[in-house]
1. If you scan the stretch 307-334, which residues turn out to be surrounded by fewer than 18 Cβ atoms within 10 Å (Cβ to Cβ) and within 21 Å of residue 356 (Cα to Cα)?
2. Can you say whether residue 127 is modelled with pLDDT under 95, more than 21 Å from residue 277 (Cα to Cα), over 25 Å from the mean Cα position of the chain (by Cα) and part of a loop (DSSP other than H, G, I, E, B), as far as the supplied structure shows?
3. State whether the residues of the stretch 260-267 include one that is under 24 Å from residue 304 (Cβ atoms) and touching a residue at least 12 places away in the same chain (Cβ under 8 Å).
4. From the residues in the stretch 220-239 that are touching a helix residue (DSSP H, G or I) at 6+ places or on another chain (Cβ under 9 Å) and part of a loop (DSSP other than H, G, I, E, B), which one is surrounded by the most Cβ atoms within 10 Å (Cβ to Cβ)?
5. So, in the stretch 92-103, how many residues would count as being surrounded by fewer than 18 Cβ atoms within 10 Å (Cβ to Cβ) and either without any contact (Cβ under 8 Å) to a residue 60 or more places away in the chain or over 32 Å from the mean Cα position of the chain (by Cα) (or both)?
6. For the stretch 240-276, give me the residue count where each residue is surrounded by fewer than 14 Cβ atoms within 10 Å (Cβ to Cβ) and either at positive phi or within 20 Å of the chain's Cα centre (by Cα) (or both).
């Protein structure tokens with residue numbers, strides 16, 4: 001079959017490779033001038049630093065098949081994300097761990113003592129936390145919440161933390177040891193030559209043609225047997241039901257002679273600091289040496305029609321609108337919606353690859369059985 005894949009990011013590349021290896025003729029297009037989507041990396045001409053152009057991406061997974069898959073196409077080197085945060089004029093370690101607790105409260109607590117101490121700090125009257133703030137107050141108490149979570153969350157999401165689901169905070173564990181590795185996963189690393197080189201390698205197959213600077217036109221669909229869409233779900237339908245809400249990011253670049261902050265990511269928890277964090281890109285490639293440095297101040301705001309959508313909001317209004325778009329998508333033959341934008345979910349890179357592998361295999365299985373492809377292999381709701 002002739003397959004059109006809209007978007008040359010991880011979803012389009014992995015699905016395209018899966019189908020091309022099965023003998024299908026795949027055409028990948030992207031409106032941007034590079035492959036890789038928001039994972040795009042490029043070497044900065046002035047400093048030689050490998051830049052994460054749309055913000056940092058750290059690969060981490062417990063999925064051994066996905067880890068083996070990416071290592072087929074790139075040389076991954078060890079990297080652990082060790083985030084720091086500046087709050088009230090001091091620097092602390094994240095996620096909140098035993099060092100953070102002892103430093104913040106000026107104690108020398110052992111793990112069991114720290115557990116008991118935080119339980120005394122916590123609001124135990126909150127039996128079933130219903131929002132982000134209640135979740136924080138129940139499990140870390142008001143002092144840690146105010147210092148590390150409240151201001152940062154207000155800046156990141158642009159709303160009162162009481163309007164956010166408790167599940168957001170459940171992704172930020174408190175550790176009662178001195179482990180400051182941000183992720184728990186077995187496999188963690190960075191591709192030596194960046195993500196764009198890896199994705200180009202995935203696309204490098206005789207059954208795949210890739211065209212950049214090529215926006216999708218609905219008239220294209222008639223030239224193919226099936227379309228995989230990794231752009232915004234509402235965008236495929238011309239936003240006819242309204243726009244789903246996203247947060248976007250603005251990056252303020254500045255260069256520095258030397259080492260600006262000594263780590264890859266420095267969060268800023270104080271509400272009066274307008275940016276959420278500063279990233280120093282040479283620290284994402286610790287095997288390289290660069291005299292000069294490139295940093296980004298990162299600002300979060302509501303996405304407008306011409307902005308790059310980063311984080312789906314998925315609050316009550318968006319979920320109701322999403323249900324309407326899902327019904328519309330399921331009634332639209334000839335297209336499968338994939339990836340972070342196509343399913344309106346926040347997805348880490350490893351999950352994106354896992355779902356792309358699943359989607360490609362599902363398509364092949366349905367074709368072998370004479371069944372129509374699914375609109376969603378992984379449901380947005």
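1. 310, 311, 330, 332, 333, 334, listed by residue number.
2. Against the criterion (modelled with pLDDT under 95, more than 21 Å from residue 277 (Cα to Cα), over 25 Å from the mean Cα position of the chain (by Cα) and part of a loop (DSSP other than H, G, I, E, B)), residue 127 qualifies.
3. No: the stretch 260-267 contains no residue that is under 24 Å from residue 304 (Cβ atoms) and touching a residue at least 12 places away in the same chain (Cβ under 8 Å).
4. In this case the residue turns out to be 230.
5. 2
6. Selection size over the stretch 240-276: 5.
The values are calculated or read from the model by the stated rules, or taken from the named source; none is laboratory data. Note that the structure is predicted; figures quoted are calculated from it, not measured. Here Cβ is always computed from backbone atoms with ideal geometry, including for glycine, and neighbour counts include all displayed protein chains.
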